[in-house]
Amino acid sequence: MKRYGRMASMLLIFALISGCNEIDITSRRLERDVIVDGLDTEWDGARYLIDKQYITIGALNDDNYLYLRFSTPDRMKQTRIAALGCTVWFDTEGGTKKRLGIHFPIGRNRPPAMPPSGHFAGADSVHTQRMRAILDSTRTRIELIGPGEKERTTIDRAEAETRGILIATNISKNILVHELRIPLRQTGADGFTVQPKTGKPLGVGIELGHVDSKTALNLRKRDEKTEKARELRRRGFSQMSNPMIDSYELWVRVFLTGK
């Protein structure tokens, strides 16, 4: 397990996975305003590149709010998020239990089509334009999960803002960026807060949207002999694996920074 502090503003930090599969990052103290718009313009010096995952994570905090961002150039992950959404999970005891979650965007709830291969930065591609069109049609509502085991509430983004939550997903130059502000302190009776237990980091998980297990199995069986399956095997995936519907989670432990 290795912990990282501040680095030069233009450096990405490789968060190495230890033998216990824990990834620790340190949230930087908020020293500037962050506009939650999915444009990734305020995060210099606060990005952590998760090696081999094609995901970069950032964390900033003050006494009242935690700001999170993650981004990916991976077209499969981008397509999953646009079509099926993603859930950011929080474990206030520093583990990987799904105690609180925010699902956004609320996708179209059907399996996404396979995108063109590759993950490239640069000028907007046809794929980027397609992803932006899908996001424009799905990013008006969010789903709050917890704290009760089966508690799920769907609200629009305006109502979420009254609860202190800001969220945005955008894609530009072939990079998808997801930004989130979440309260660390209770703001009302219906507040949604992620203040970690004293002396503990905050467990943060990213789970890509997925179809239910029965649908996934039927899709795998249907696709076994198709050109899609042959393409997946050419990319190195097993016959019964499909990166567009397989479960995907990534967890990190975030250490907040005090004054």
Sole exception among (1) buried (at least 18 other Cβ atoms within 10 Å of the Cβ); (2) touching a His at 6+ places or on another chain (Cβ under 9 Å) for Val34, by number: (2)
Could you give every pair whose Cβ atoms fall below 8 Å, whose first residue belongs to region 135-146 and is surrounded by fewer than 19 Cβ atoms within 10 Å (Cβ to Cβ), and whose second residue is acidic (Asp, Glu) and at pLDDT 85 or above, counting only separations of at least 6 or pairs across chains? Thr140/Asp156; Arg141/Asp156
Quick one: which of Ala82, Ala15 is surrounded by 13 or more Cβ atoms within 10 Å (Cβ to Cβ) and at pLDDT 85 or above? Ala82
Taking region 31-68 and keeping only residues that are out of contact with any Phe, Trp or Tyr (no Cβ under 7 Å at 6 or more places or on another chain) and of a type in the set (Asp, Glu), one is left with Glu31, Asp33, Asp37, Asp40, Glu42, Asp44, Asp62, Asp63
Subset of region 64-84 [more than 9 Å from the chain's Cα centre (by Cα) and not in a strand (DSSP E or B)]: Asn64, Pro73, Asp74, Arg75, Met76, Lys77, Gln78, Thr79, Arg80, Ala82, Ala83, Leu84
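The values are calculated or read from the model by the stated rules, or taken from the named source; none is laboratory data. Here the structure is a predicted model, which is why all the values come from computation and not from measurement. Note: ideal-geometry Cβ built from the backbone for every residue, glycine included; neighbour counts use all protein chains shown.
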